[in-house]
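Note sheet for the following structure.
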Amino acid sequence: MSISLYIHIPFCRRKCLYCDFFSVIYEPRAAASYIDVIMRQIEAIEEDFSTVYIGGGTPSALAPELLARLLKALSPKLRAGAEFTVEANPESLDDERIKLLLGYGVNRLSIGVQSLEDTKLKRLGRIHNARKAAESVILASKRGFSNISIDLIFGVWDEKQDRWKNELDQAVKLPVQHVSCYALTYEKDTPLFKALQNKSITPLDDDIAAAMYETAIDILSLRGFKQYEISNFAREGFECKHNLSYWENNPYIGLGASAVSYVGGVRSRNVAGVEEYVRRFDKGQVLADSSEKLSPERRAKETAAVKIRTRDGIDFAWFKEKTDYDLQELEKRAIPGLLEKGLIRYKKENNTSSGIQLKRKGFLFCDTVSSTLL
Ligand code: SF4
């Protein structure tokens, strides 16, 4: 069975206004002790991995020496042909770091572009501008990365369709093989959430945001980026293996503050605090703040709820093999309702139903579909 490794680097140069990921402002000493702990954890792991993903936070915010140490420790843990992804942000992705990443076998780069419009970047509180974002992608490609993903956000207040179209047109001209598009959400305890509460901003109408999402699907697919999951689009063969593994509900180990692990049916989440993480590790204490053993039925339902997000949906035979449950029996209350609402359809093989998958409307209301299956 494929097992994946996720490493959380919770440091950023500045906090973006919409962000509720666990991250703190980069501080060299804290980062050095943190990476020390992560390295000792990596060394203690016996498995090797089919996918490794270093996310954050901003992994490229690490000083080059720290980044090099981390990458070096990971090299022996990669299986042959493993996908090795690192997230980077435009402002910190320089020549030196790109060379390090390539030198240590990183073969997929995920760049937090978020927008190719300066006004929108400012509204989101991003540190880079549009020119820098495009330049960082071009530089990474020129230096040798042939699997680059960019993230884009849409649905910012007052955003206009034609501007969003323009951003997508610019994005597909960049040397990228993968695009992730996310609607802006206003998460609790973020500055944008507060701005929403005190009415200094008005969120975009849901219908306009939905139309923008459909625009992304249309433009990206027209330009050869196939939608393979709700928010993800890739050229043929460049789908993210690490995320596909999550959506198959395969096990993964998460290292770092706030990282989640899912091993042997137990889901646990590490404490969200850099100093606390280091302190607990040094004292030999448990790093997880919460942990839950999932029942076989719960695991099966979670598998359905995540796998339905993918373009291919869920094959009944695959599901039975994976979970030991019959999907139609397990979801006998959910499936008819979702079919009736026009959110899913049966997949057909030789005139018989072989599985279920989202319809176009289901892509718009995927959260409803997932929570109904849970
Ligand atoms: S760079 Fe990413 S992780 Fe850091 S604050 Fe911004 S959105 Fe959050």
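The values are calculated or read from the model by the stated rules, or taken from the named source; none is laboratory data. Quick caveat: nothing in here was measured; it's all calculated off a predicted structure. Positions of Cβ are backbone-derived with ideal geometry, glycine not excepted, and every protein chain shown enters the neighbour counts.
So which residues in region 152-171 are among the acidic types (Asp, Glu) and closer than 22 Å to Leu196 by Cβ, if there are any at all?
Asp158, Glu159, listed by residue number.
Among the residues in region 25-32, are any among the β-branched types (Val, Ile, Thr), crowded, with 18+ Cβ neighbours inside 10 Å and modelled with pLDDT of 95 or more?
Within region 25-32, the first condition is being among the β-branched types (Val, Ile, Thr), and the residues that meet it are 25.
When the remaining residues are screened for being crowded, with 18+ Cβ neighbours inside 10 Å, the result is none.
Taking every residue of region 25-32 in turn, none turns out to be among the β-branched types (Val, Ile, Thr), crowded, with 18+ Cβ neighbours inside 10 Å and modelled with pLDDT of 95 or more.
Looking at region 27-62, which of its residues are within 16 Å of the ligand (Cβ to nearest atom), farther than 25 Å from Asn107 by Cα and free of Cβ contacts under 8 Å to residues at least 40 places away in the same chain?
Glu27
Restricting the search to region 138-150, which residues are away from the ligand (no atom under 16 Å from the Cβ) and either more than 20 Å from the chain's Cα centre (by Cα) or buried (at least 17 other Cβ atoms within 10 Å of the Cβ) (or both)?
Ile138, Leu139, Ala140, Ser141, Lys142, Arg143, Gly144, Phe145, Asn147, Ile148
Of the residues Lys199, Lys165, Lys188, Lys173, only one is touching a Ser or Thr at 6+ places or on another chain (Cβ under 7 Å), surrounded by fewer than 20 Cβ atoms within 10 Å (Cβ to Cβ) and among the basic types (Lys, Arg); which?
Lys165
Out of Lys199, Lys194, which single residue is modelled with pLDDT under 95 and either in a helix (DSSP H, G or I) or over 28 Å from Lys132 (Cβ atoms) (or both)?
Details: Lys194 fails: modelled with pLDDT under 95.
Selected residue: Lys199, the only one of Lys199, Lys194 that is modelled with pLDDT under 95 and either in a helix (DSSP H, G or I) or over 28 Å from Lys132 (Cβ atoms) (or both).
Given the criteria of a type in the set (A, V, I, L, M, F, W, C), in contact with a helix residue (DSSP H, G or I) (Cβ under 8 Å, 6 or more places away or on another chain) and surrounded by fewer than 21 Cβ atoms within 10 Å (Cβ to Cβ), does Ala44 qualify?
No.
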